[in-house]
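Asker: Structure incoming, see below.
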């Protein structure tokens, strides 16, 4: 069964704006175009980004409600997590408000989207580090192929805050010139063509921590051979160096890459190879409609 990418919603860094140090910040829209102003005040930044990207996606598809919502995030709501931990230290673990803790959980964005859409269908969030978006995407593909849904809203999102950037930088995540990034990207996947689809998502695969470049190449060849393809049959390979200067490095940056590939004009068959910290590797095969 073919999986169609019907529409895309994307909030990511502005490519015309230079990074601040080694950090790219998402260019956020006017949220009042998507969210009631009274609700905006109660939402953290990543929740607003995720909800707005989801609404962008659904509006582009002229759909009020999907059959299922699946999100992937490695970091979750870092801003609320930071607020809660700061309160924990400042108040010496006494008389803490549970609000920041409740809103810091990883499934907050998916739950908020469902509440606003009044969508009572399947809702799941995957938290698998560099495979978070890929896991969500695979789940969405399975729902469509099993006939459990006809339309699935799938998203990948992560934010970076001043505190998390400092901590991750100390861990060495941004060495060798890597730039920290963030973003929220949603796709409406369907099992039937609409005539206006961006592309077909042919397949998805992941592999963990290849020992050598030879092992990595073998995984890529095996993935392509499953579709009776060779590298010569691919019109464009979209790897990290080809897109992460636009969005920065973050665990779900592969969602940005998929949006970029689906929105391209020219190449017919595109292979996306994402590597997060050279540990989590994913492959996506996209054919333009």
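Let's see how each residue does on (1) within 15 Å of the chain's Cα centre (by Cα); (2) in a loop (DSSP other than H, G, I, E, B):
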position	(1), (2)
207	no, no
217	no, no
224	no, no
237	no, no
243	yes, no
251	yes, yes
258	yes, no
282	yes, no
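Asker: Mind counting the residues in region 189-219 that are closer than 24 Å to residue 289 by Cβ and either in contact with a helix residue (DSSP H, G or I) (Cβ under 8 Å, 6 or more places away or on another chain) or free of Cβ contacts under 8 Å to residues at least 60 places away in the same chain (or both)?
Answerer: Here is the first cut: in region 189-219, the ones closer than 24 Å to residue 289 by Cβ are 189-205.
In the following step, the residues that additionally are either in contact with a helix residue (DSSP H, G or I) (Cβ under 8 Å, 6 or more places away or on another chain) or free of Cβ contacts under 8 Å to residues at least 60 places away in the same chain (or both) were identified as 189-191, 195, 198-199, 201, 203-205.
Residues in region 189-219 being closer than 24 Å to residue 289 by Cβ and either in contact with a helix residue (DSSP H, G or I) (Cβ under 8 Å, 6 or more places away or on another chain) or free of Cβ contacts under 8 Å to residues at least 60 places away in the same chain (or both): 10 in total.
Asker: Oh, and also: Run down 156, 140 and say which single residue is touching a strand residue (DSSP E or B) at 6+ places or on another chain (Cβ under 8 Å), assigned to a strand (DSSP E or B), under 18 Å from residue 7 (Cα atoms) and in contact (Cβ under 8 Å) with a residue 24 or more places away in the chain.
Answerer: The conditions single out 156.
Asker: Among the residues of region 115-174, write down those that are closer than 23 Å to residue 57 by Cβ, surrounded by 15 or more Cβ atoms within 10 Å (Cβ to Cβ) and over 17 Å from the mean Cα position of the chain (by Cα).
Answerer: Across region 115-174, the qualifying residues are 116, 117, 119, 121, 122, 143, 144, 149, 151.
Asker: Inside region 177-188, can you point out the residues that are surrounded by fewer than 21 Cβ atoms within 10 Å (Cβ to Cβ) and touching a helix residue (DSSP H, G or I) at 6+ places or on another chain (Cβ under 9 Å)?
Answerer: Matches in region 177-188: 178, 179.
Asker: Go through 77, 119 for me and flag whichever is modelled with pLDDT under 95, in contact with a helix residue (DSSP H, G or I) (Cβ under 8 Å, 6 or more places away or on another chain) and within 30 Å of residue 150 (Cα to Cα).
Answerer: Testing whether each residue is modelled with pLDDT under 95, in contact with a helix residue (DSSP H, G or I) (Cβ under 8 Å, 6 or more places away or on another chain) and within 30 Å of residue 150 (Cα to Cα) leaves just 77.
Asker: What are the residues in region 126-176 that are at pLDDT 95 or above and more than 24 Å from residue 279 (Cβ to Cβ), if any?
Answerer: 142, 143, 144, 145, 146, 147, 148, 149, 150, 151, 152, 153
Asker: Next question, about the same structure. Could you run through region 89-114 and say how many residues are within 23 Å of the chain's Cα centre (by Cα) and in a loop (DSSP other than H, G, I, E, B)?
Answerer: Going through region 89-114 one residue at a time, the tally reaches 4.
Asker: Any residue at all in region 207-220 that's touching a strand residue (DSSP E or B) at 6+ places or on another chain (Cβ under 8 Å), more than 15 Å from residue 278 (Cα to Cα) and not assigned by TED's automatic domain parsing to the domain that holds residue 69?
Answerer: no
The values are calculated or read from the model by the stated rules, or taken from the named source; none is laboratory data. Note that this is a predicted model, so its numbers are computed, not measured. Every residue, glycine among them, receives a Cβ derived from its backbone with ideal geometry; neighbour counts consider all protein chains shown.
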